[in-house]
2 protein chains.
Amino acid sequence: MPTPNDPGEPPALAGGATGPSQLRPLVDTVLGALSQGAAARGGPIPAGGPQAVAERLRAQATPVLPANGTGAQDALRTLVRAVTEGSADPAEPYCAAHLHCPPLALAVAADLAASALNPSMDSWDQAPAATALEAETTAAFAALVYPDLPQPACLVTTGGSESNQLGLLLARERARATGVPAVHIVCGDNAHHSVHRAAWLLGLPEPRTLPTHDGTLRPATVDRALAELRGPALVIATAGTTDTGAIDPLPGIAEVTTAHGAELHIDASYGGPLLFSKHHRAQLSGLQSATSVGIDLHKLGWQPIAAGLLAVPDTTALRPLATNADYLNAHDDIEAGFPDLLGRSLRTTRRPDILKIAVTLRALGRDGLAQLIDRVCQQAQRLADLVEAHPGLTLYARPTITTVLFRPSHATDAELAAIRRALVTSGTAVLGRAHAAGRLWLKATLLNPTTEPADFTALLDLVARTARETRTGRPPSNGQEPSTGQDPPGGNAPRNGQ
Amino acid sequence: MPTPNDPGEPPALAGGATGPSQLRPLVDTVLGALSQGAAARGGPIPAGGPQAVAERLRAQATPVLPANGTGAQDALRTLVRAVTEGSADPAEPYCAAHLHCPPLALAVAADLAASALNPSMDSWDQAPAATALEAETTAAFAALVYPDLPQPACLVTTGGSESNQLGLLLARERARATGVPAVHIVCGDNAHHSVHRAAWLLGLPEPRTLPTHDGTLRPATVDRALAELRGPALVIATAGTTDTGAIDPLPGIAEVTTAHGAELHIDASYGGPLLFSKHHRAQLSGLQSATSVGIDLHKLGWQPIAAGLLAVPDTTALRPLATNADYLNAHDDIEAGFPDLLGRSLRTTRRPDILKIAVTLRALGRDGLAQLIDRVCQQAQRLADLVEAHPGLTLYARPTITTVLFRPSHATDAELAAIRRALVTSGTAVLGRAHAAGRLWLKATLLNPTTEPADFTALLDLVARTARETRTGRPPSNGQEPSTGQDPPGGNAPRNGQ
């Protein structure tokens, strides 16, 4: 039974001397609701599709703003259970669509402390020790990206989109400092959509978008594009594309970029953590040539969202972000030794995402993270082997990081999209989709180090079976099907009743 | 003793069927470290000031990136304890500097579930039920802001800075849609610094900044400014300034803004939640005239950071944020009923901050939130009474929301700044600072509903005592003191040896 609030007594706070003991029974309720919700779901994603999930959530969660509250225990039990039951859980082996990692339990536990303490990273007197921890941890991370430089720096962001935005903003401001109002943005057609969005946000011209070869941006293509431009330019390279996990040839791009006097931002949101692995870090050779590098630890770093980082070669590169708000960083306070933190983000109030990152780095160390990374990279090779050996499936290419594209060999693009939706809607598997080489593919983005080889075998069989069922169940006429791509010459298998 | 990682076994995940049982011992460690850290601190903020706190943190936390990890238990115990010991805790009655609230235990517990489940709000197949919960909850919130409109909408943001940024961006895009490249931004000198930063970010001209009277923007001033401008204009009004908590006269500003065909963004980051209280919501009359309204629930809403919201009168107002990324919102998936979520934020990967908000709304209800708001507003009146009755202190003005400005009656501005630093550095109290009426004031921003009247009496006595000690201890020559403002005629008390 819901317990109504006692109107005389404010609900418990998470902080202070009594906070932890107040939190304990509530956390117990949350852990219980997480268990019950996961059991009720019983798979990687709830069955039924968007409409059914929304209706069930509404039945459980409304009214969302009652006049009288139902109390903490009821609200936590009801809503945490409902959201858990209706979650796509990347800790389930068949949930592998996106750069959406299953977070480590230790990072999630650390994040609880961040919420309970609630430091705000915009002034020292709201976050004394968290400020120091952020300074130490970002410095260590910057040194990982720029090992040979004396004063590299690093900001904490909400993810790759904000890191790209800041990379473009810093380039715009460097151009403005020389009297040029804008900077040319040059990227491949493999760049993340947030690059285009950032240019729009910042009032910059639409990026010059170059064709890619095999999903990577060729140095010669960049060279030709830069030769045609006048004025400052920022080239965007990608280390780990969203679609295929491809890594642009960074040393070659850095070379032509430097030759033209242009700058280089590397979106390593996905691939950046390969730096931790001695087996894989060579793939990031050239990273230290960049004027900025974005890396997400909520992708190949097993952090709960958000854990974005933007590294730059020198602290002075961050100067354009400096700002003053007398209530937060008065000049006399700065003179008296109080750190000025406003220039470390465009946000003002800011959660200490660094705490979970620091706990993870200490708990696992470089080697522990490398083991996780090596493991998921090996998994991807294994899955690619299995696809190649499967009679009904075609592999796009050997994986670069942990993304494996494949397709039922005889499916049209429209059928492939329908197969993906059928898997998701039936609650059996969550795979992504990607266009590559003129076709649509199923995408498995492997980020779960606990997945076993047997899971992959079963997943591929499920896909092949669903492909057969989708073909059998489809309407006899195919003329009205929406198509998202052309079928290449090799894809002309019979489209009916196979 | 630190336990090194077992290299053969990946560390536990937070999700899946076994996640909750893996989380339990780690959460126990965190709760223990929170207790021990708070006991070690023993006050609102660690003593010693920035240098000492940073040195202690370094001693406890380094190396931040060891080659070999120390294991989950050691990392959580060490770092959570260190950050707790070095925190400014707004649940302590003498920690009342900023719009930095003590979060409710129930909201923090809910946030644990958000981290463990790790939904990402950029596509349905990463966040099925969380998507539906966000839709329901933001719709209810939008209806609270715009009760008379059929289709108001609301986005989740990282806070007032992002809400202001989006308010300006939407106005820029409305102007562009009419063929005008920019929009004039008109604000008072009481507007948050993020308004100026947003204009810079968006490539808009520097805002036209108008003088305020008693810290509020007068309609007649706006009227005159708009009369001088040609082309689209967006006026920024504030409901709850950072410095004094003042609320601009919203109905009057809305009237002149409409008369000139201009638009109105209201930054109600602080004051917005007054909507929940029948005693206080009349102060927000005029809010529903705005083209966008930013409200933070991590201020007067007791949420852990971040819990920002941006409300608009109609869903169509959000169209400029629409964007396409085929891997997240392919057209055929949208046609098949999969919601398109990318246009709800400029972030891509996005944490479900809505879960803690929804749990809080359900647990407390409108009335429960109103009680908390009424309580802290009453506290502010009580503190103002006590200041007025205190022989050594001067009150700036009666509080509008929960911000109380006061000063030791005979202190210079430089002395006042030093008093504040002395309180913070000694670890005894965390008060803010604000310029108002040509002087510097101490600022108490009251957001802790559990603070008792006796705490206020003791806090004021502490301030008065510190003021006396600061004067006694100051060097005999005052010519070299940095001054942050002029002393008005009334402030010419003897500056030495009082």
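The values are calculated or read from the model by the stated rules, or taken from the named source; none is laboratory data. Treat the numbers as computed from the prediction; the structure is a model and nothing was measured. When we count neighbours, we look across all protein chains shown, and the Cβ atoms used for this are built from the backbone with ideal geometry, even at glycine.
For region B:367-392, give me each residue that is within 14 Å of another protein chain (Cβ to nearest Cβ) and more than 17 Å from B:Cys101 (Cβ to Cβ). Walk me through it before giving the result.
Step one: filter region B:367-392 for residues within 14 Å of another protein chain (Cβ to nearest Cβ), giving B:367-379.
Of everything in region B:367-392, just one residue is within 14 Å of another protein chain (Cβ to nearest Cβ) and more than 17 Å from B:Cys101 (Cβ to Cβ), namely B:Asp367.
Restricting the first member to region A:69-96 and to residues that are more than 7 Å from chain B (Cβ to nearest Cβ) and under 17 Å from A:Pro50 (Cβ atoms), and the second to residues that are among the polar types (S, T, N, Q) and part of a loop (DSSP other than H, G, I, E, B), the beta-carbon pairs closer than 9 Å and six or more apart or on different chains are A:Cys95/A:Asn448.
Six or more apart or on different chains, Cβ under 6 Å: which pairs go from a residue in region A:19-36 that's facing chain B (nearest Cβ under 7 Å) to one that's of a type in the set (Gly, Ala, Ser) and surrounded by fewer than 24 Cβ atoms within 10 Å (Cβ to Cβ)? Could you list them? What qualifies is A:Pro20/B:Ser35; A:Gln22/A:Ala12.
Would you check if B:His265 is of a type outside the set (D, E, K, R), touching a residue at least 60 places away in the same chain (Cβ under 8 Å), surrounded by 24 or more Cβ atoms within 10 Å (Cβ to Cβ) and within 14 Å of chain A (Cβ to nearest Cβ)? Working first, answer last.
Working: of a type outside the set (D, E, K, R): yes; touching a residue at least 60 places away in the same chain (Cβ under 8 Å): yes; surrounded by 24 or more Cβ atoms within 10 Å (Cβ to Cβ): yes; within 14 Å of chain A (Cβ to nearest Cβ): no.
Here the answer is no, as B:His265 does not meet what is asked.
Of all residues in region A:207-229, those that are touching a His at 6+ places or on another chain (Cβ under 7 Å) and part of a loop (DSSP other than H, G, I, E, B) total 2.
When B:Thr258, B:Thr212, B:Thr244 are screened for being without any contact (Cβ under 8 Å) to a residue 60 or more places away in the chain and crowded, with 18+ Cβ neighbours inside 10 Å, only B:Thr212 passes. Is at least one residue of region A:259-267 assigned to a helix (DSSP H, G or I) and among the β-branched types (Val, Ile, Thr)? No: zero hits. Between B:Arg351, B:Arg362, the distinction of being of a type in the set (D, E, K, R), modelled with pLDDT of 95 or more, more than 30 Å from A:Ala434 (Cβ to Cβ) and buried (at least 24 other Cβ atoms within 10 Å of the Cβ) belongs to B:Arg362 only. Among the residues of region B:371-382, is any touching a Gly at 6+ places or on another chain (Cβ under 6 Å) and either in a helix (DSSP H, G or I) or over 13 Å from B:Phe456 (Cα atoms) (or both)? No, region B:371-382 contains no residue that is touching a Gly at 6+ places or on another chain (Cβ under 6 Å) and either in a helix (DSSP H, G or I) or over 13 Å from B:Phe456 (Cα atoms) (or both).
In the condition set (1) more than 8 Å from chain A (Cβ to nearest Cβ); (2) at pLDDT 95 or above, B:Gly160 is compliant with all but (1).
When you scan region A:146-168, do you find a residue that is touching a residue at least 40 places away in the same chain (Cβ under 8 Å) and among the aromatic types (Phe, Trp, Tyr), even just one? Looking for residues that are touching a residue at least 40 places away in the same chain (Cβ under 8 Å) and among the aromatic types (Phe, Trp, Tyr), one finds at least one in region A:146-168, hence yes. Residue by residue through region B:273-299, note down the ones that are out of contact with any Lys or Arg (no Cβ under 7 Å at 6 or more places or on another chain) and within 14 Å of another protein chain (Cβ to nearest Cβ). Correct list: B:Pro273, B:Ser277, B:Lys278, B:Gly294, B:Ile295, B:Asp296, B:Leu297, B:His298, B:Lys299. Residues of region B:62-89 that are crowded, with 24+ Cβ neighbours inside 10 Å and assigned to a loop (DSSP other than H, G, I, E, B): B:Gly69, B:Gly86, B:Ser87, B:Ala88, B:Asp89. The C-beta contact set for region B:438-464 (first residue farther than 16 Å from B:Ala384 by Cβ, second residue among the polar types (S, T, N, Q) and not in a loop (DSSP other than H, G, I, E, B), distance under 9 angstrom, 6+ apart or interchain) comprises B:Asn448/B:Gln379; B:Pro449/B:Gln371; B:Pro449/B:Gln379.
For B:Ala171, state whether it is buried (at least 24 other Cβ atoms within 10 Å of the Cβ) and within 7 Å of chain A (Cβ to nearest Cβ). Give the steps one after another, and end with the answer.
Numbers: buried (at least 24 other Cβ atoms within 10 Å of the Cβ): yes; within 7 Å of chain A (Cβ to nearest Cβ): no.
Here the answer is no, as B:Ala171 does not meet what is asked.
Restricting the search to region A:300-344, which residues are of a type in the set (D, E, K, R) and either within 11 Å of another protein chain (Cβ to nearest Cβ) or over 30 Å from A:Thr238 (Cβ atoms) (or both)? Within region A:300-344, A:Asp326, A:Asp332, A:Asp333, A:Glu335, A:Asp340 meet the criteria. One residue alone among A:Ala52, A:Ala61 is without any contact (Cβ under 8 Å) to a residue 40 or more places away in the chain and within 18 Å of B:Ile354 (Cβ to Cβ), and that residue is A:Ala61. The set of residues in region A:434-460 being more than 20 Å from the chain's Cα centre (by Cα), farther than 21 Å from A:Thr242 by Cα and within 13 Å of another protein chain (Cβ to nearest Cβ) consists of A:Glu452, A:Asp455. The numbered conditions (1) of a type outside the set (Gly, Ala, Ser); (2) surrounded by 24 or more Cβ atoms within 10 Å (Cβ to Cβ); (3) in a helix (DSSP H, G or I) are all true for B:Glu92 except (3).
The lone criterion from (1) in contact (Cβ under 8 Å) with a residue 24 or more places away in the chain; (2) out of contact with any His (no Cβ under 8 Å at 6 or more places or on another chain); (3) within 21 Å of A:Ala199 (Cα to Cα) left unmet by B:Ala322 is number (1).
Within region B:382-426, restricting attention to residues that are of a type in the set (Ser, Thr, Tyr) and surrounded by fewer than 18 Cβ atoms within 10 Å (Cβ to Cβ), the residue that is nearest to B:Thr238 (Cα to Cα) is B:Ser409.
Taken over region A:178-204, the criterion of being more than 11 Å from every other protein chain (Cβ to nearest Cβ), in contact with a helix residue (DSSP H, G or I) (Cβ under 8 Å, 6 or more places away or on another chain) and either more than 30 Å from A:Tyr396 (Cβ to Cβ) or modelled with pLDDT under 95 (or both) is satisfied by A:Val183 alone. Being modelled with pLDDT of 95 or more and farther than 23 Å from A:Tyr146 by Cα is a property that does not hold for A:Thr238.
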